[in-house]
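Taking it in order: structure first as structure tokens, then the write-up.
The values are calculated or read from the model by the stated rules, or taken from the named source; none is laboratory data. Not measured: the values here are computed from a predicted model. Here the Cβ positions follow ideal geometry from the backbone for every residue, glycine too, while neighbour counts run over all protein chains shown. Calculation scope for accessible area: heavy atoms of the full protein, side chains included, ligands and nucleic acids excluded. Shrake-Rupley method; radii C 1.70, N 1.55, O 1.52, S 1.80 Å.
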Amino acid sequence: MSDSHKYCPSLTQYERRKTIEVNIGGVPLGAENPIRVQSMTTVDTMDTEGSIEQSIRMVESGCEYVRITAPSIKEAQNLEEIRKGLRAKGYKVPLVADIHFTPNAAELAAKIVEKVRVNPGNYADKKKFEELAYTDETYELELKRIREKFEPLVKLCKEHGTAMRIGTNHGSLSDRIMGRFGDTPLGMVESALEFLRICEDLEYYDIVISMKASNTRVMVQAYRLLVHKLEEEGLRPYPLHLGVTEAGDGEDGRIKSAVGIGALLEDGLGDTVRVSLTEEPEFEAPVAQKLVSRYANRPGHSAIASLDESPVNPFVYERRVTQEVLNIGDHNVPRVIADFSKKGCIEVKDLKEIGHFYLPEPDKWRMNDTGADYLYSGSHPVDFMLPNGLQEIVDFSVWKNLEDQGKKYPLVQLNELSAVENSQLTFVAIESNELESIDQLKGIDNAIILLHTSNTHAMASLRRFIFELITKEIDLPVVINWHQEISDKEDFQLASATDIGGLLIDGLGDGVMLAGNGNKKVENDTAFGILQAARTRMTKTEYISCPSCGRTLFDLQETTAMIRKRTDHLKGVKIGIMGCIVNGPGEMADADYGYVGSGKDKITLYRGQEVVKRAVHSDYAVDELIQIIKDDGNWVEPEAMEAILN
Ligand code: SF4
């Protein structure tokens, strides 16, 4: 890999990035240690017993570090009681104090717990949402001011053997960073480096760094850029804490976490993982464990042809330039192909599982937002008229004998390609290790590649093939054909989202075909979920809901469910649901609308980052939120038909 694009040990051979070891209360992180799993409590930090009980549930579910919010000095002090209570019950789990805005709480916590997390966006700054143009001189003065505020904490951590996470959040960058670098991955990296340089200057190195965002693309680019900059500046290779903020709940939250975190783990980045779900915290560690466990035996994967130079810039999103074939590639959204090839005889009712519904009464087909675009029927072509929005792919050996080839396209193996007429639109099945066959595709302009891999290092192997296409200037669209026999729904979603997400984040892939779960609805919904999580095709409302913590002012799970029930037909609209006004508005940087707790039973409603209504009683807040969406012209009535369809 060229030095200007280097961010991981290898793009083709799995290898964990070599990092320094950081000791956190006897559970060391980084270097040769396993990738650790952690989570955060949600009960009020002043509720000592509640915090102890919840921490124990988290530990029992696999959590190796427990983070607890310390918004002020009294909570920081109470960490001592929580710690004592846990130790008395035999739990030695290291505790991490989560700090925003309050250096005095951080300094106290550093003497009590094993690690302190600071957010460089708000440790020394209160956000004023000012757009300031800094001169080099005023910027330097700001850095001096930060150092004065931050240095005492660093010295205390050094003295007490306390580790620190410098945890940048995309949504809470300081005005200074925003003014100079904007709301960008580079701004996120620089935000952490300002603090890191102070630490190194004071010879304090027990540091872990994170670059979290709810936008998976921004998050992945920021982590990659961080690694690159650490090396470029000659700073130490600090361990990375990976996370996607406000991922949401249920399967959306799991898929989104797998897309963002998985994309980095695949390249060997990451020493600890926190999956943030709007659910009880003990549900987070098992998901994180599943993401991490994929790498236990990964280094022994089948060889992938090495690569000297990446043909894409890993720090900037740019979709691979392809030609349009059918409605695939070029500027088309990535397409979803439903794989029914193992089904045998396909019936009308089967299509309901992939979002196409036949209504006998008007004798019409209807499609929901996750209606598949193509159906692969293998050697059993459908014998009824398909809906307009659905086209069919049939194995070439069967297709060539069909009387009515109509809207059906052949799928050929590479060695059958010469048997197809030149003018025929064709899907070509290729294995990712068939690099030497790529030349056969030169000069063809009416084929779509259906790319499969059997390599356990799947993402890298698929990526390597697409890189070869780019290098050889072959611009045929590529649909990722991902097939693994995994009947457990969550396991299937995490594995497919990890393997495919990293490709989409790099602009590679013009469609997906998932198979192996056995449930066509799960496969179809997962395919659309991955495209949405990688921000390449928005088909649903996106909920950016915080995981909640001791600051939370309402029941996040209940409220998220209530808002989801009323708004989940608003395709592509992003709604932030945040438990507190201290961090909420910043954390939902990406949302179109925000529902933020601002007091007991009080909600503040946002349009983007702008406050629209303050202190609305929670009894009416969802109605008011919908009214704002209506006033903006972004509301559509949920079709009565949807109720029938679903
Ligand atoms: S936004 Fe949510 S998770 Fe973040 S501090 Fe506020 S309540 Fe806690």
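Computed extension gain for V321 through Y358, at 0.36 nm per residue and net of the alpha carbon distance, reaches 9.7 nm. The HN-Hα couplings worked out from phi for the stretch 598-605 by the Karplus form 6.51 cos²θ - 1.76 cosθ + 1.60 (θ = phi - 60°) are 10, x, 5, 6, 10, 10, 10, 9 Hz, whole numbers, x standing for Gly and Pro. The stretch between E21 and K565 holds 191.3 nm of extra length on full extension. This uses 0.36 nm per residue minus the Cα-Cα distance. Remark: relative contact order (the stretch 364-416) = 30 percent; criterion is Cα-Cα distance under 8 angstrom and separation of 6 or more residues. Seen from a random direction on average, the alpha-carbon convex hull of the chain projects onto 29.1 square nanometres. When restricted to Cα atoms, the stretch 174-214 yields an Rg and a Dmax of 11.3, 33 Å, respectively. Full extension of the chain segment joining D601 with K521 gains 24.9 nm, where the gain is 0.36 nm per residue of separation less the Cα-Cα distance. By the Kirkwood approach, averaging reciprocal distances over each pair of separate Cα atoms, the stretch 304-398 gets a hydrodynamic radius of 15.9 Å.
Taking 7 Å steps out from each Cα toward its Cβ at T471 and D623 produces label points 6.4 nm apart.
Note on E32/Q440: beta-carbon distance plugged into 1/(1 + (r/R0)^6) with R0 of 41 Å gives a FRET efficiency of 0.40. The order of the peptides 491-497, 301-307 by mean Cβ neighbours within 10 Å, most packed first, is 491-497, 301-307.
Counting only DSSP H runs of at least 4 residues, each contributing -39500 (n - 2.57), and dividing by the residue count of the chain, the helix-based mean residue ellipticity at 222 nm comes to -10500 deg cm²/dmol.
Close amide H contacts of R165 (hydrogens built in the peptide plane, cut-off under 5 Å, sequence separation of 5 or more or a different chain): V116, R117, V118, V208. About the centre of its Cα atoms, the stretch 1-99 shows a dipole size close to 280 debye [charges on the beta carbon of Lys, Arg (+1) and Asp, Glu (-1) only; nearest 20 debye]. Which value, in Å³ per residue, describes the convex hull spanned by the Cα atoms of the stretch 211-331? It comes to 160 Å³ per residue, whole-number rounded. The alpha carbon radius of gyration of the stretch 474-586, expressed as a multiple of 2.2 N^0.38 Å, is 1.26. Accessible area per residue for the stretch 177-241, computed on protein heavy atoms with a 1.4 Å probe, is 28 Å². When the Cα gyration tensor is reduced to axis lengths a ≥ b ≥ c, the ratio a/c is 1.5 or higher for the stretch 557-646, and with a/b above b/c it is classed as prolate.
Its Cα gyration tensor gives the stretch 348-472 an equivalent ellipsoid. The semi-axes, each the square root of 5 times an eigenvalue, are 31, 19, 12 Å from largest down. Placing +1 on the Cβ of every Lys and Arg and -1 on the Cβ of every Asp and Glu, with nothing else charged, gives the chain a dipole about its Cα centre of roughly 1360 debye. Go through G389, L553, G248 and say which Cα lies farthest out towards the positive end of the charge dipole of the chain; charges sit on Cβ, +1 for Lys and Arg, -1 for Asp and Glu. My answer, from the dipole projection, is L553.
Each residue, N104 and Y134, gets one label point 7 Å from its Cα in the Cβ direction; the gap between the two is 2.6 nm. The GluC sites (Glu not before Pro) of the stretch 386-457 that DSSP puts in a loop, and whose beta carbon has at most 16 other beta carbons within 10 Å, are E403, E421, E434.
Highest mean packing comes first when the peptides 69-75, 223-229, 524-530 are listed by Cβ atoms within 10 Å, giving 524-530, 223-229, 69-75. In the chain, a dipole from Cβ-located charges (positive for Lys and Arg, negative for Asp and Glu) runs towards its positive end, and of V312, P94, Q13 it is P94 whose Cα lies farthest in that direction.
With K and R counted +1 and D and E -1, the other residues having a Cβ less than 12 Å from that of E81 yield a net charge of 0.
Kindly work out what percent of the DSSP beta bridges joining two residues of the chain are antiparallel, to the nearest 5.
If I count the DSSP bridges inside the chain, around 20 percent turn out antiparallel.
For the peptides 185-197, 499-511, residues were scored by their other Cβ atoms within 10 Å and the scores averaged per peptide; the highest-first order is 499-511, 185-197.
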